[in-house]
Amino acid sequence: MLKFDEEVLKRELMKRLNYGESGAEFIMEKLRNLDDRLQPVLDRWLEGEDEPDVAVNGVTLGMVRKYIDRDFLYAMIRLSRYAESEESAARFLNNPERFRMRR
């Protein structure tokens, strides 16, 4: 479970990513339940780093963003799933193209 100052995160979501108040609250709820290994990434993002990266079970946040084509916070949510399941991470690593989002 990630820890963060709710007011700071809400302000950053609204300022940097143009979320409305209800959208920011929705994302904050999702972020609370992420794997603890993602805490340093969220902290660096809150400090102003645009593209912090981390690897869990061999999958990096950058890979998730590249192949699944999600913005930073949705990629964090997906990466948390790979942190919770080595099997899911291995499937992704075996063929990341298969997970690519179509536009």
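Values in this text are rule-based calculations from the coordinates and carry no lab data. Everything numeric in this text was worked out from a predicted model, so none of it was measured. Cβ: placed from backbone, ideal geometry, glycine included. Neighbour counts: every protein chain shown.
Each of ASN95 and GLU25 was given a label point 7 Å from its Cα along the Cα-to-Cβ line. The distance between the two points is 4.2 nm.
Peptide packing for 3-13, 31-41 was compared via the average number of neighbouring C-beta atoms within 10 Å per residue; ordered from the highest value, the list is 31-41, 3-13. Given R0 = 22 Å, the distance between the Cβ atoms of ASN33 and ASP53 translates into a calculated FRET efficiency of 0.60.
Along its first, second and third principal axes, ordered by size, the chain spans 39, 30, 22 Å in Cα coordinates.
Considering only MET28, MET76, MET14, the mean-square fluctuation computed in a Gaussian network model of the chain, springs between alpha carbons under 10 angstrom, is largest for MET14.
Per-residue ellipticity at 222 nm, computed for the chain from helices alone with -39500 (n - 2.57) per DSSP H run of at least four residues, works out to -17500 deg cm²/dmol.
Taking every eigenvalue of the Cα gyration tensor of the stretch 1-53, multiplying by 5 and rooting it, what semi-axes result, largest first, whole Å?
Details: eigenvalues 57, 38, 14 Å².
Listed largest to smallest, the semi-axes of the stretch 1-53 are 17, 14, 8 Å.
A full extension of the chain between ARG81 and ARG44 corresponds to an added length of 11.3 nm, given 0.36 nm per residue minus the alpha carbon distance.
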